[in-house]
Every structure is written in structure tokens, then in C-alpha cells.
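Comments concern the structure below.
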Amino acid sequence: MKNPSFKTALLLVIAFALGTSCKNKAEKKQTADMATETTVDNEEMYRPNFHFTPKKGWMNDPNGLFYYNGYYHLYFQHNPDDNKWGPMHWGHATSTDLITWKEQPIALYPDELGTIFSGSAVVDIDNTTGFSQKEKTPVVAMYTNHDMEAEKAGKIVDEVQSIAYSLDEGLTFTKYEGNPVVKNPGIPDFRDPKVDWDEERGQWVMVLAAGQEIKFYASKDLKDWELLSVFGEGIGNHDGVWECPDLFPLPVKGTDEQKWVLLVSINPGGPNTGSATQYFIGDFDGKTFKIDESFQKELEKEHRFWVDFGRDNYAGVTWSNARTADGSKLFIGWMSNWLYANVVPTEQWRSANTIARELSLIKGDDTYRLVSLPVKQLKNYRGKKVADTDISIAGKTVLTTTQTISLSQTEINFEIPNASIGKYTFSLSNSKGDALKFGYDTIENKFFVDRGQSGQTGFSEKFSDRIAKAPRLSNAKNWTGKIILDKTSIELFYDDGQTVMTEIFFPNAPFESLSLESDTDTFTLNKLEIHQLNFN
Ligand code: FRU
């Protein structure tokens, strides 16, 4: 079955959420007036303590991630003049450690070819483009131009790919006069170029989402592109449009092997409805991506290959020109979901990003698996700590409260030995009666997040129409987890990052207490470590 194009799907989502289209001016004005009336409380209450948000306006996908000269650059899909998706620009932020971000001036504005959709950026160290002047190293951004005028006129939009270069390390860009560099071959959803340098072959390789497939291209100069191959028909999840691909090699931990990872975001079709990012593991020979046989076998049995099983990690991609000491790639995602992103209860700004993460590969009994953990730099922010061992949990047991330590800028590490009795439930709660519940159901062998009673949920029925679930992928006897808490988000990294769940929430007051219980028996929590994270 052919799925609706991005344009149709997005308009449907917006129209559903608002009960009408928000595109006409009067309505926009009303939204703006409402914003000034209701904003201050939500503003203070819901802007994260440490996850990146734009100061003002709308944000979706991370774009153009590159590292150069001590700075990590993060661009993002940005509508600076409204708190809803609209004419896309590239906003910009920089960081020296991937945790604390400084917003910079807007880097790319819409032009005569259209608005600026998602894309990537590379450092052209060898000046393959010839864009260098006065010995300055060019940073080259490649993005999709989307023609909003054609869209408004109800015409089919021919999305095309363009480039722009920066000679001041990513602060300002000049659009290439030969744009577009990749024309549209007659495919309505044709976007999100992700470029990287293919070391082995000495070529630029670009992956592009085209309908429900990924196209692979190569270039020597980032201007002339040759179509190499196509991947995806009949493979993986096809319940929605494929978007925001990424392709990179990773070492397989504990071996001499290297495998290539292809990330593909899909909307809708996520494991817990809406937007999510699937991945494929295989080999890339400079032309074709061939899925690994063992991976294919597992995928056919059951599709459990999601970067994150939670509802709020979409369109994530990796930094170019950067790896960790052990060869991991650095990743960040947009912490929302197209099901409700346009109507979450913030006004001046909308959406945050996930914490930056390290992606690595492990090989289990069956096949390879992508694991992710927060970047190590987060440890540098640890302050006050509560730690205990061998805690006996009999009935609902309070582990800590905000009288002792903050629960909205927090890292929690725990270990439960022989996790096998019934259902373990953690609860974050406040005096208003809100509770966010999450844990592990050992009978189903699934993790869960229940945000049904977590505070404001009525802005969209899709926000809490079900309990999010994720398979436990590790066979380890002991269950370990790392929990990253901000005011409006939880990021759960279970079993050393083998199963990850990211979810947002909007409590009526900050959560004050963290408790744990099992529905069947008493048990021992053999490690609990709570770190307050300090950002000033
Ligand atoms: C993903 C996406 C991309 C597109 C961008 C538009 O969320 O739909 O495919 O380039 O958002 O803002």
C-alpha cells in the first residue's frame, strides 16, 4: 500500500491536532495572542534544564551536525516566527562538550528554491569543492529545498538537493550558484541528504530518503552526484514515509570487525505509534549497502531494531568529523513525535533535543545490535550524590525526594539482581497527583512507560492513548538501568544501552518523589546511585 506523502501526512496531523489548518493569518494571530497570555508559567515550568531548546519558535530535526576546531555544531529545523511547523530555516547552536549549548544566529534562510528542509554538513578539509578562499577550510551544508508555494497551490512538490558553504566555521553560509545539485526524478518525498567522507574509496557518499527507500550517491566535489544504488524495498518497516537517513561504519565491540549502520527514520510506523528511527546493519562496498544475513534473519522474525523504542526520539543523525576514543559515533535526536509535536503545552518555544548519545555496535548470539548511551561528558556535571546498596524494597518504597536531591536534572543508575518477579514499577510523582510510571514487566519481558497520569495530556489524545512498551533484548540476570531526567523528559538506557526509551511529559508541578515497587514480592535493589547534575 502506498502511504501518504510527508506533506499529506503532516497536514493531516496538524489539521487533526488543531481541528483545522493553522495556516491562515487570523488564526496565527490568535495563537500568538494566546501565547502571550498563557505563556509565562509553562515557559518556566517546562523549558528543560539541560536539553537543548530554541529560545523562541519551533524546532524539529537536528541538521548539519559537524565538529571542527573544538566546537560541535548543531543546526535544526526551525520556524523562528511561530511555535508550529512552517517555513523551515536552519537554526544553529554550538557546544564544546555536547551538553551545554549556545544558540547562534540563524544559519540558513529560505530562498527562491524553497524553504530549507533537513540535511547535513561536512568539513571539506581537502577543498574538494574549491570553495576555499584565503586558506579557509570550507564547511559545506547539503539540504533539501522544499517549495512551500507549490505546496500551498496544491501542486506536487519537487524536492531538490542544494549546497551552501561557510568560510567562518559554520556561522554564515553562501548558497552555491549552481543549486540544485540533485534534481527531482519525479518522487514527491525526496529529501534529507546525509553526506560523509568515505575514507576507503576517497569519495563523498550521500544517502537520501526517496519515498520508502534510500538512494545512495557518490561525488568527488559535492556538486556532481552519481546515483549508485537503492536500498529498502520489502526490508524493515514501511508503515510510513522514510526520512532522515544516515550511514556510517562502526567497529564491533570486542572484535576486529567493522559493520556499516544505516539509520532510517519513519513516520508513522514507530514501535509505539508515530515517529521513530529504525536501523539496518550490513556492509557497504562504496556502491551498495548489503544487509547482513544474520541481521536479515532476525529482522524477518521480528523487527526489534529501533534506535529508541520510546515515542520521543525522531530524525536523529550523527556528527561528521567526530568519533569517541573507542570509535563510537555521536548522535542526537529530536525529542518529540509528529503525532502531537505541534500542540505540546509550551508557547514561546516548541521541542527539545535528546541528550547527545554515543552509538556503538555489539554482537549477540543472533546478530549485531546498536547500543546507545549518553555521551561521557555528562559525568562532568555530576554534583550532589545519593548512593546506597542492598536496599530492601517491600511494597511501594520511596527511594528519594526533592528534599534530598533534584529530580529534574538528574542521572540515576540502578541494578536489580535476578530481576524475575512480576512487574517492577518506578514512579515519579508530585503533590498534584501526577505520576509517571516506568519499569519492567518480567512476565512479558518488556519495559514500559505509562504517562497516562503524568500531568497535562489532554492536548492530544495520541499523547497517552497507550502504555509505551519495548522488548528486553539482554539475557543478563541482573537488570541495570541509567535514567536521565529533566523537567519534561525521561531517557531510559537499560542493560548498558541495549534497549532505550525516551519520552516527554508535562506534569502540573515538578515531580517530588521517586519510588519503586514490585507487584509480587519483596526484593533487593543492590545498587542505587542518584547524581544531581549541575549546569551553572
Ligand atoms: C522529518 C522531516 C524531514 C524534513 C523535515 C521538514 O521530521 O519530515 O523529512 O526534511 O522534517 O521539517
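The values are calculated or read from the model by the stated rules, or taken from the named source; none is laboratory data. Remember, it's a predicted structure, so these values are computed and weren't measured experimentally. Glycine also receives a Cβ, built like all others from the backbone with ideal geometry; neighbour counts cover every protein chain displayed. With ligands, DNA and RNA removed, areas are computed over all heavy atoms of the protein, side chains included. Shrake-Rupley method; radii C 1.70, N 1.55, O 1.52, S 1.80 Å.
From the Cα gyration tensor of region 40-374, with a ≥ b ≥ c the square roots of its eigenvalues, which class applies: rounded if a/c is under 1.5, or else prolate if a/b is larger than b/c, or else oblate? Kindly include the intermediate steps, with their values, before the conclusion.
Numbers: a/c = 1.28, a/b = 1.11, b/c = 1.15.
Here region 40-374 falls in the rounded category.
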> Rounded, prolate or oblate: which one fits region 148-207, using the alpha carbon gyration tensor with axes a ≥ b ≥ c (rounded when a/c is under 1.5, else prolate when a/b beats b/c, else oblate)?
Replying inline: oblate
> Taking the Cα centre of region 331-379 as the origin, how large is its charge dipole in debye, to the nearest 20, when only Lys and Arg (+1) and Asp and Glu (-1) carry charge on their Cβ atoms?
Replying inline: 180
>> If you wrap a convex hull around the alpha carbons of region 122-251, what volume per residue comes out, as a whole number of Å³?
In response: 138
>> With +1 assigned to the C-beta of every Lys and Arg and -1 to the C-beta of every Asp and Glu, and no other charges, what is the dipole magnitude of the chain about the Cα centre in debye, to the nearest 20?
In response: 660
> Reachable lysines from K84, Cα under 21 Å, same-chain residues fewer than 8 places away excluded?
Replying inline: K7, K23, K25, K28, K29, K55, K56, K152, K462
> Considering only G439, Y67, W242, whose Cα is most displaced toward the positive end of the charge dipole of the chain, charges sitting on Cβ of Lys, Arg (+1) and Asp, Glu (-1)?
Replying inline: G439
> What percent do you get for the relative contact order of the chain when only Cα pairs under 8 Å and 6+ apart count?
Replying inline: 13
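My understanding is that a pair violates if its Cα-Cα distance is over 24 Å; which of K136/K215; K385/K469; K301/K469 do that in this structure? Let's see the in-between values first.
Working: K136/K215 32 Å; K385/K469 30 Å; K301/K469 18 Å.
Checking Cα-Cα distances, K136/K215; K385/K469 exceed 24 Å.
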> How much accessible surface does Y314 have with a 1.4 Å probe, in Å² rounded to 10?
Replying inline: 0
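If you take the Cα atoms of region 296-453, find Rg, then find the Kirkwood Rh from the mean of 1/r over all pairs, what is Rg/Rh?
Working: Rg = 18.3 Å, Rh = 19.0 Å.
With Rh from the inverse mean 1/r over Cα pairs, Rg/Rh is 0.97.
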>> Starting from the 7 Å offset along Cα-to-Cβ, what nm value, one decimal, do you get for the label separation of T520 and Q403?
In response: 3.4
>> At 1.4 Å probe size, what's the solvent-accessible area of H73? Round to the nearest 10 Å².
In response: 10
> Working out 0.36 nm times the residue gap between Y71 and K297, then minus their Cα-Cα distance, what length gain in nm do you get to one decimal?
Replying inline: 77.3 nm
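Where Rh denotes the Kirkwood radius from the mean inverse Cα pair distance, what is Rg over Rh for region 351-399?
Numbers: Rg = 17.0 Å, Rh = 15.0 Å.
Value, to two decimals: 1.13.
Just to confirm the filter: which chymotrypsin sites (Phe, Trp or Tyr not before Pro) across region 474-536 are DSSP coil and have at most 14 other Cβ within 10 angstrom of their Cβ? Kindly include the intermediate steps, with their values, before the conclusion.
On the way: sites: W479, F493, Y494, F505, F511, F523, F535; in loops: F505, F511, F535.
Passing sites in region 474-536 are F535.
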> Which of rounded, prolate, oblate describes region 355-430, given a ≥ b ≥ c as roots of the alpha-carbon gyration tensor eigenvalues and a/c under 1.5 marking rounded, otherwise prolate only if a/b is larger than b/c?
Replying inline: oblate
> Between K56 and D465, what is the label-to-label distance in nm when each label sits 7 Å out along the Cα-to-Cβ direction?
Replying inline: 3.6
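Please arrange V317, V230 by accessible surface area, largest first, computed with a 1.4 Å probe and ligands excluded. All intermediate terms of the calculation are to be shown ahead of the outcome.
Details: V317 10, V230 75 Å².
I get V230, V317, largest accessible area first.
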>> For a quick size check, give me the Cα extents of region 270-323 along its three principal axes, largest first, whole Å.
In response: 35, 34, 17
> Where in region 414-458 does the label zone of A509 land, with the point 7 angstrom along Cα→C-beta and an amide N cut-off under 16 Å?
Replying inline: 428-436, 454-456
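Skip the ligands, DNA and RNA, and give the accessible area per residue of the chain with a 1.4 Å probe, whole Å². If you can, show how the numbers build up before the last one.
Details: 20920 Å² over 536 residues.
I get 39 Å² per residue for the chain.
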> In nanometres, what is the gap between the two model label sites at D221 and T389, each 7 Å from Cα along Cα-to-Cβ?
Replying inline: 6.4
> Percent relative contact order of region 380-533, based on C-alpha pairs within less than 8 angstrom and at least six residues apart?
Replying inline: 44
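For region 223-283, what Kirkwood radius comes out of the mean inverse Cα-Cα distance, in Å? Don't jump to the answer; show the numbers that get you there.
Working: mean 1/r = 0.0758 Å⁻¹.
For region 223-283, the Kirkwood estimate is 13.2 Å.
For the chain, with all protein chains present and a 1.4 Å probe, just round the carbon and sulfur fraction of the accessible area to a whole percent.
Working: 9910 of 20920 Å².
That fraction is 47 percent.
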> For E233 and A322, what is the calculated FRET efficiency with R₀ set at 22 Å and r taken between the beta-carbons, to the nearest 0.05?
Replying inline: 0.10
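Which value results when the Cα radius of gyration for region 380-533 is divided by 2.2 N^0.38 Å?
On the way: Rg = 14.6 Å, N = 154, 2.2 N^0.38 = 14.9 Å.
Rounded to two decimals, the normalised Rg is 0.98.
So how strong a dipole does region 401-536 carry about its Cα centre when Lys and Arg Cβ are +1 and Asp and Glu Cβ are -1, to the nearest 20 debye? All intermediate terms of the calculation are to be shown ahead of the outcome.
Values: 13 positive and 18 negative charges, 29 e Å.
Dipole about the Cα centre, nearest 20: 140 debye.
Taking 0.36 nm per residue of sequence separation and subtracting the Cα-Cα distance, how much length would be gained by fully extending the chain between T288 and K376, in nm to one decimal?
28.3 nm is the gain from fully extending T288 to K376.
Please compute the length gained on full extension between R201 and K183, using 0.36 nm multiplied by the number of residues separating them and subtracting their Cα-Cα distance.
Details: separation 18, 0.36 × 18 = 6.48 nm, distance 2.48 nm.
Stretched fully, the R201-K183 segment lengthens by 4.0 nm.
Hand me the GluC sites (Glu not before Pro) from region 222-324 located in a DSSP loop with no more than 10 other Cβ atoms within 10 Å, in residue order please.
On the way: sites: E226, E233, E243, E257, E293, E298, E300, E302; in loops: E233, E257, E302.
In loop regions of region 222-324 (DSSP not H, G, I, E or B), the sparsely surrounded GluC sites (Glu not before Pro) are E233, E302.
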> Per the Debye formula with a single identical scatterer at each Cα and no solvent contribution, what log10 I(q)/I(0) holds for region 416-470 at q = 0.13, 0.14, 0.21, 0.30 Å⁻¹?
Replying inline: -0.37, -0.43, -0.80, -1.15
